[in-house]
Amino acid sequence: MVEKQISFKIIPKKPVTISGYIRDKKTGEDLIGAACYIKELASGTVSNVYGFYSLSIPSGRYTVSYSFLGNKTVELILEIEEDRILTIELENESQQISEVTITGEGVAKNIKRNEMSVIKLPVSTVKKLPALMGEVDLIKAIQMLPGVKPAAEGSTGFSVRGGNPDQNLILLDEAPVYNASHLLGFFSIFNNDAISDLKLYKGDLPASIGGRLSSFLDIRMKNGNSKKFSGNGGIGTISSRLTLEGPIGKNEKTSFILSGRRSYLDLFLRLSSNEDVKDNIVYFYDLNAKVNHKIDDKNRLFVSTYFGKDKFKSSENQLSFGNQTLTLRWNHLFSNKIFSNTTLLWSKYNYELSDSGGANAFKWESNLEDLSVKQDFNYFLNSNNTIKFGGIFTYHKFEPGYAHGVGDQSFISEYKVNDANAFEEALYISNEQKIGSRLNLKYGLRFSMFNNVGKGTIYDFDENYQAVDSTIYKSGKIFNTYTNWEPRAGLLYTLNELSSIKMSYSRTVQYMQLAQNSSGGMPLDVWFPASPNVEPQKSDQYAIGYFRNFKENTIESSVELYYKKMKNTIDFKDFANLLLNKELEGELRFGSTEAYGLEFMTQLNLNRLQGWFGYTYSKTNRTVTGINDGRSYRSPYDVPHDFKAAISYQLTPRTSISANFAYSTGKPITFPTGRAEYQGAFIKIYSDRNSYRLPDYHRMDLALTVKNRKKPNRKWEGEWNFSLYNAYGRKNPWIVNFIQDENDPKIIYAEKTYLFTFVPSVTYNFKF
């Protein structure tokens with residue numbers, strides 16, 4: 001008997017790649033962070049900031065689903081035997097009031113994404129929130145998140161996890177914005193109608209991002225409707241806006257968006273019977289514009305710009321300031337696995353202050369200008385590894401102040417603070433790696449360098465911070481260099497389909513900082529660079545969190561614990577002279593900051609009910625040589641208890657209501673605790689730095705939105721928004737001053753200044 005052996009050769013499935021773009025079907029807008037998910041492999045990916053996705057898998061027959069929050073999920077059964085390019089368009093989810101429609105993210109991206117301390121807010125949700133004076137504001141929405149605290153009542157400045165407002169990097173279409181305020185900080189420069197995506201990183205910064213210690217706010221403009229011409233806008237209590245967008249040509253390859261706003265508070269002032277008020281000027285305006293063109297399937301060009309200005313003028317004083325940005329981008333696909341983005345950036349922040357008061361008439365001008373070139377690559381190596389790498393080069397030009405007399409009667413002579421120049425460079429690489437079905441690692445490294453470049457003047461200071469000498473460097477000479485390694489790491493462990501644990505570590509370095517005369521939005525501030533006298537600030541942040549979803553991913557909850565240690569913290573001596581000071585570095589004091597906290601957040605993505613609520617417990621302390629006798633003291637943004645809620649509810653297909661509520665511990669403040677008499681004058685004796693607190697802060701805002709009835713074949717749609725800011729009239733303190741009594745100089749009393757009680761507003765929004 002002969003035995004015959006039969007051998008079987010298992011032929012492995014060849015690897016294939018499915019890639020393309022995920023877009024909105026109605027407008028053609030790229031969808032950032034949309035999900036592509038393979039059910040049979042329990043694996044997937046999300047689209048990048050340009051809507052591009054790429055996923056490498058074994059060849060075979062699969063059920064592929066595409067989803068995005070607020071859009072209908074598309075599910076396809078595909079036989080994928082070779083590389084395939086597939087661009088998907090998703091429809092908006094229809095609003096059904098009679099029954100609950102699931103609008104959550106079906107694949108639980110917040111659970112499975114290796115990303116923590118990051119919050120993405122849909123612009124559609126932000127638009128439903130109550131408005132201050134008729135303008136729903138993106139920055140005001142950011143301030144309603146856990147771990148984020150407003151710098152002052154009504155201000156667009158914000159502190160993240162105990163950091164200073166200047167430690168937040170704000171990018172508009174990748175271009176830096178150095179002052180995001182309009183109208184003394186009551187509004188931000190960001191027009192909702194021009195924005196497509198908003199994402200805040202409170203920690204766990206990607207390796208591609210650096211230059212700030214606390215946070216990164218990534219704001220992306222719309223590309224413009226490539227399907228048809230459309231418009232929308234609004235007429236509010238003190239401002240109005242209009243946005244136009246549409247295709248250029250008939251082939252849907254080119255589209256544009258143009259969006260503008262202007263306030264008209266100055267028009268109401270002209271109605272005043274008071275001649276001193278009648279001729280005053282108070283207004284702001286801004287303009288967003290963008291054009292994008294699809295050259296072919298592998299090449300795409302974008303040009304976007306922003307221009308905005310504020311102007312205040314009285315009979316004697318005038319103040320104006322503004323931001324300008326320009327972004328040129330080229331997307332290129334080297335293959336279905338390698339995505340490239342080349343970017344040229346320009347940003348400028350300028351401000352002027354003048355006084356026409358006779359002999360003291362003067363004009364002060366200041367500018368900060370950046371020019372950058374950036375190259376980024378996404379390499380989708382395989383289904384388990386996504387590699388990102390690239391670099392950026394930036395030229396900074398600082399013109400901190402030039403003052404001169406105005407008019408024939410002025411005795412003010414020319415005075416100029418020394419200009420400064422710097423190069424800032426960085427290279428980075430990172431990888432997101434999946435290990436098995438539960439573990440996901442993210443690790444990266446950023447190398448940053450900062451060069452002080454002449455022409456420049458550097459002062460030498462003695463032990464009492466007095467300038468004793470100076471050195472002048474010739475134009476173009478690099479006379480000081482800092483280099484730093486910035487590691488980043490993250491871990492995701494998926495417990496089950498509805499819960500996960502995440503951890504992260506990030507080191508960040510900041511080479512530029514802000515000297516500001518107040519915490520409000522007045523632009524009397526000076527940006528200055530690291531130098532031989534000022535070492536760059538550094539931060540190490542550790543975080544761990546638990547993430548859990550409920551009710552088919554329509555309720556997302558999380559709790560995060562963080563610890564942050566900052567070195568080379570910059571603070572200012574008591575009664576520091578920050579403006580028009582050539583020897584500003586002598587006003588600085590250096591030390592360290594320690595911040596830690598616990599953050600809870602729940603997001604609601606139900607059909608009728610949208611919004612979020614959260615609570616933060618945190619502590620932030622500084623220890624700085626030369627301040628508070630070297631003892632630790634509270635940071636100005638140390639607010640232990642902070643509760644926020646922002647909720648909207650759809651009553652009927654035409655009517656919705658929304659409410660904000662905020663409560664927080666009062667901010668630290670330094671109070672006078674005594675007085676001394678010296679040569680017949682009384683001198684205040686102050687407490688330790690920030691040893692007292694203002695009263696607790698709390699406020700509620702309400703809004704009602706009513707849409708017009710829809711009529712067949714009518715293209716115009718409108719809605720009325722009625723808002724009430726500070727609904728129960730809480731008089732939250734803005735400034736506390738200590739005034740000496742005119743009749744009895746021995747008596748000093750506290751005087752509280754508040755900004756708002758009830759602030760009603762009406763806005764009519766429309767689109768066509």
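Any read-out appearing in this document is the output of simple, stated calculations on the displayed coordinates, not a laboratory observation. All of these numbers come straight from a predicted model, not from anything done at the bench. Here the Cβ positions follow ideal geometry from the backbone for every residue, glycine too, while neighbour counts run over all protein chains shown.
Highest mean first, the peptides 154-160, 453-459, 502-508 sorted by other C-beta atoms within 10 Å per residue fall in the order 154-160, 502-508, 453-459. Within a straight-line Cα-Cα reach of under 13 Å, Lys109 can be paired with the following aspartates and glutamates, leaving aside sequence neighbours fewer than 8 residues apart in one chain: Glu497, Glu552, Glu556. Here's the list of lysines a cross-link from Lys746 could span, going by alpha-carbon distance under 24 Å and ignoring same-chain residues fewer than 8 apart: Lys684. Each DSSP beta bridge with both residues in the chain is either parallel or antiparallel, and the antiparallel ones are about 95%. What is the chain's relative contact order, in percent, from Cα pairs under 8 angstrom and six or more apart in sequence? That works out to 11 percent. Cα gyration tensor of the stretch 184-302, axes a ≥ b ≥ c as square roots of the eigenvalues: rounded (a/c below 1.5), prolate (a/b > b/c) or oblate? In terms of gyration-tensor shape, oblate.
Our note on the geometry: Cα centres of the stretch 718-768 and the stretch 119-139, 21 Å apart.
When P(r) over Cα pairs in 20 Å bins from 0, in percent is computed from the coordinates, the matching label among (i) 15, 49, 30, 6, 1, 0, 0; (ii) 16, 43, 26, 13, 1; (iii) 16, 44, 29, 10, 1, 0 is (i).
Over the residues of the chain, the helix contribution to mean residue ellipticity at 222 nm works out to -500 deg cm²/dmol, using -39500 (n - 2.57) for each DSSP H run of at least 4. Taking every DSSP beta bridge that has both ends in the stretch 15-94, the antiparallel portion is near 85%.
In terms of packing, defined here as the mean over residues of other Cβ atoms within 10 angstrom, the peptides 465-473, 484-492 line up highest first as 484-492, 465-473.
As a length-normalised measure over Cα pairs under 8 Å and 6 or more apart, the relative contact order of the stretch 709-756 settles at 33 percent.
Separation of the stretch 362-376 from the stretch 638-653 is 37 Å, based on Cα centroids.
Taking 7 Å steps out from each Cα toward its Cβ at Ile472 and Lys120 produces label points 5.4 nm apart. Along the stretch 712-717 the Karplus relation, 6.51 cos²θ - 1.76 cosθ + 1.60 evaluated at θ = phi - 60°, assigns HN-Hα couplings of x, 6, 9, 7, 7, 10 Hz to successive residues, with x for each Gly and Pro.
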